[in-house]
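K.L.:
Starting off with a structure, shown below.
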Amino acid sequence: MVEPTLYPDADIPREALEEGRLTRAYVEDVIDALDTGNDETARTLVAPLHPADIADLFALVPEDYRARLARAIGEALDADVIAELDDYVRDDVLAAMSVGEVADLVTQLDTDDAVALIEDLEDDEQREVLDALTPSDRADIEAALNYAEETAGRLMQRELVAVNTDVSVGQVIDQVRATIDPATDFWEIFVIDAERRPVGTMRLSWLLTTPPDIAVTDVMQREQTLIPVDMDQEEVALQFQKYALISAAVVDGNGRLVGVITVDDIVHIIQEEAGEDALKLSGAGDGDINEPVFDTFKVRVVWLLVNLGTAVLAAMVISAFEGTIAQMVTLAALMPIVASMGGNAGTQTMAVAVRALATNQLTDANARRAVLREVRISLLNGATLAVLIGIGVGTIFHSPLLGVVIGSAMLINNLVAGLAGMMIPLGLERAGVDPAVSSAVFVTMCTDIMGFFVFLGLATLVGVGRLG
């Protein structure tokens, strides 16, 4: 079945798309065309595809084919395709293009997409591309590059529609027709005062349904969400989610309108931030399969070394009870159960806490209540698991006291897991450290060390001879 596209009349090969994805057979056909030097065939295969599908194709072909594919498809590699490319794939594609070709693409992109492209270039390449731009385009991009990464200033686009407060609806329509490029997409018109401060917004639906002689100030919406230019992009995304925004004005430190952020950009940010937090919890880096191997190695090995350190600490706790374990080998078989169940419980709580912090559901205002809630949940879970493991171990090993020991250890370690899963992310957040990056290591360390210590400590306290 051929998936619907934005080009319903395009003659897309039936084998090209399956369930919205490019098929293996289609990708191999493109690779075969490149291998035989048949650029015309490759161009014909690619031509009917949507820009997003062409971007997927670049990601699916082997790395050393990307430059060849870029040269083969020629004009099909336009600004819309570049805007959809994965960052690492885009680097390979741009490497096959001249400075003039890159500069031409930059002029076709919205400011936010142009900045995203240029900021990934090497410094000398950035200068060459910027030198090839017109003075106005260069000024806009350089101004955006002056803002910190992952802020509204980098995310915003400068292409917007703004009118003064002293005009009528009819004058607005005339102004838009006379000055705005037809290719410019916009959903709202910003009304500004003499100092270019936003005082209201007007949706296109209102513009089209309001008599032309009505003053803009009589129909504009005065309440609006203004985004500071230095606001973190994750906070920007939360503003869009909370207030159901389609677009929002970006203002500088003096409250003057400098750009606009639209919901299509926010969709990408939400996806990136959600994936980023999930990957940070595991220490997996960017998680991009197109990332260079050594770059991925450098990120992952750091957290694996930290995990190795915490594992050594847990081993030291176990070694402290070497005599107890030697007297009853069964303890060695049972103690990983306590630690692993505590680790799983801690991971559950930590995931909830990190997500709640990222979405502003967890703040100083409700932190105490949230911690107490997780303590109650941990006690309920711990009690349930303690009863089950206690009865099971007591029955299998014919030692009710051993069942009580492991059940008690399970209850205590689950309580520790719940507290650690909440308190560690909260503590890291207050210390200015991203809880998504570091929480997992410390939570696991707590549950492993406490699991072994409590179980073996109780066994030693009770007396191994009474357990057997």
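Values in this text are rule-based calculations from the coordinates and carry no lab data. Since this is a predicted model, take the numbers as computed values, not measurements. When we count neighbours, we look across all protein chains shown, and the Cβ atoms used for this are built from the backbone with ideal geometry, even at glycine.
K.L.:
Pick out, from 229, 304, 341, the residue whose Cα sits farthest towards the positive end of the charge dipole of the chain, with +1 on the Cβ of Lys and Arg and -1 on the Cβ of Asp and Glu.
P.N.:
Highest projection toward the positive end goes to 341.
K.L.:
Something else now. How much FRET efficiency would the formula 1/(1 + (r/R0)^6) give for residue 225 and residue 375, where r is the Cβ-Cβ distance and R0 is 45 Å, rounded to 0.05?
P.N.:
0.75
K.L.:
A further question on this structure: Tell me the label-point distance for the pair residue 368, residue 87, using the 7 Å Cα-to-Cβ offset, in nm and rounded to one decimal.
P.N.:
Output for this residue pair reads 4.1 nm.
K.L.:
With the crude spin-label approximation of a point 7 Å out along Cα→Cβ, what separation in nm comes out for residue 256 versus residue 174?
P.N.:
Modelled inter-label distance: 2.8 nm.
K.L.:
Where the only charges are on Cβ atoms (+1 Lys, Arg; -1 Asp, Glu), what is the dipole of the chain about its Cα centre, to the nearest 20 debye?
P.N.:
Here the chain has a charge dipole of around 3880 debye.
K.L.:
Restricting the calculation to Cα positions, tell me the Rg (one decimal) and the Dmax (whole number) of the range 17-155 in Å.
P.N.:
Considering the range 17-155 through its Cα atoms, Rg and Dmax are 15.9, 46 Å.
K.L.:
Where does each of 406-412, 328-334 land if you order them by average Cβ count within 10 Å, highest first?
P.N.:
Highest to lowest by the protection proxy: 406-412, 328-334.
K.L.:
Considering just Cα atoms, how many Å³ per residue does the convex hull of the range 162-263 enclose?
P.N.:
Once divided by residue count, the hull of the range 162-263 is 99 Å³.
K.L.:
Could you give the length gained on full extension between residue 209 and residue 23, defined as 0.36 nm per residue of separation minus the Cα-Cα distance, in nm?
P.N.:
Residue separation times 0.36 nm, minus the Cα-Cα distance, leaves 62.3 nm.
K.L.:
Which peptide among 353-361, 388-396 comes first, and what is the full order, when sorted by highest mean count of other Cβ atoms within 10 Å?
P.N.:
353-361, 388-396
K.L.:
If you don't mind, another one. Identify which of the listed values of Cα extents along the principal axes in Å was calculated from the structure shown: (1) 78, 59, 47; (2) 93, 64, 46; (3) 84, 58, 36.
P.N.:
It is the value labelled (2).
K.L.:
Now for a different question. Quick check for you: which residues of the range 47-91 have the amide N under 11 Å from the point 7 Å beyond the Cα of residue 108 toward its beta carbon?
P.N.:
The answer is 74-83, whose backbone nitrogens lie closer than 11 Å to the label point.
K.L.:
A further question follows. Can you show me the helix-derived [θ] at 222 nm for the chain, built from DSSP H runs with n ≥ 4 at -39,500 (n - 2.57) apiece and divided by the number of residues, rounded to the nearest 500.
P.N.:
The helix-only estimate for the chain comes to -20500 deg cm²/dmol at 222 nm.
K.L.:
While we're on this one: With θ taken as phi - 60° and the coefficients 6.51, -1.76 and 1.60, list the Karplus ³J(HN,Hα) couplings across the range 71-78 in order, rounded to whole Hz; mark glycine and proline as x.
P.N.:
Each residue's phi maps through the Karplus curve to give 5, 5, 7, x, 5, 5, 7, 10 Hz.
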